[in-house]
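As structure tokens, the structure follows; a few thoughts come after it.
The values are calculated or read from the model by the stated rules, or taken from the named source; none is laboratory data. As the structure is a prediction and not an experimental result, all values here were calculated from the model. So basically every Cβ, Gly included, is an ideal-geometry build from the backbone, and we count neighbours across all protein chains shown.
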Amino acid sequence: MLFKVFYQETKTRSPKRETTKTLFVELDDVTAQTGIVKTRELLAKNTAYNVEFIDALSKDAEEYEREAENFELTQF
């Protein structure tokens with residue numbers, strides 16, 4: 001399942017929509033809820049990002065995102 005993460009690169013400043021970035025994490029054999037929890041744990045362990053929101057993508061949304069020219073999976 002593919003998860004789209006919206007985040008700020010630093011926790012020291014207040015979040016602004018203009019500086020929100022996204023990344024994608026793919027996890028196998030998880031439900032949406034457990035995948036969101038695991039994704040949040042991975043990000044907490046491996047980054048200093050201020051995670052705003054994690055979205056479990058539907059199959060249609062996943063296909064759309066994968067077709068974007070700047071699509072890149074993040075690996076930890």
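Determine which single condition Glu62 fails, assuming it passes every other condition in (1) within 11 Å of the chain's Cα centre (by Cα); (2) in contact (Cβ under 8 Å) with a residue 60 or more places away in the chain.
Exception for Glu62: condition (1).
Among the strands (runs of 3 or more DSSP E) lying completely within the chain, list those that include at least 2 residues that are of a type in the set (Asp, Glu) and surrounded by 12 or more Cβ atoms within 10 Å (Cβ to Cβ).
Values: elements: 2-8, 21-26, 50-56.
Here the list reads 50-56.
Determine whether the range 51-60 contains at least one residue that is β-branched (Val, Ile, Thr), farther than 15 Å from Leu2 by Cβ and out of contact with any Phe, Trp or Tyr (no Cβ under 9 Å at 6 or more places or on another chain). Walk me through how you get there before you give the answer.
Taking the range 51-60 and keeping what is β-branched (Val, Ile, Thr), we get 51, 54.
The next check asks that each one be farther than 15 Å from Leu2 by Cβ; those that pass are 51.
With out of contact with any Phe, Trp or Tyr (no Cβ under 9 Å at 6 or more places or on another chain) added as a condition, the list becomes none.
Checked the range 51-60: no residue is β-branched (Val, Ile, Thr), farther than 15 Å from Leu2 by Cβ and out of contact with any Phe, Trp or Tyr (no Cβ under 9 Å at 6 or more places or on another chain).
Does Ala48 count as hydrophobic (A, V, I, L, M, F, W, C) and in contact with a Ser or Thr (Cβ under 8 Å, 6 or more places away or on another chain)? Show your work before the answer.
Working: hydrophobic (A, V, I, L, M, F, W, C): yes; in contact with a Ser or Thr (Cβ under 8 Å, 6 or more places away or on another chain): yes.
Yes, satisfied.
Which residue out of Phe71, Phe6, Phe53 is in contact with a helix residue (DSSP H, G or I) (Cβ under 7 Å, 6 or more places away or on another chain) and not small (Gly, Ala, Ser)? Write out each step before concluding.
Values: Phe6 fails: in contact with a helix residue (DSSP H, G or I) (Cβ under 7 Å, 6 or more places away or on another chain); Phe53 fails: in contact with a helix residue (DSSP H, G or I) (Cβ under 7 Å, 6 or more places away or on another chain).
Being in contact with a helix residue (DSSP H, G or I) (Cβ under 7 Å, 6 or more places away or on another chain) and not small (Gly, Ala, Ser) holds for just one of Phe71, Phe6, Phe53, which is Phe71.
Can you find even one residue in the range 60-69 that is modelled with pLDDT under 95 and not charged (D, E, K, R)?
Yes, the conditions are met somewhere in the range 60-69.
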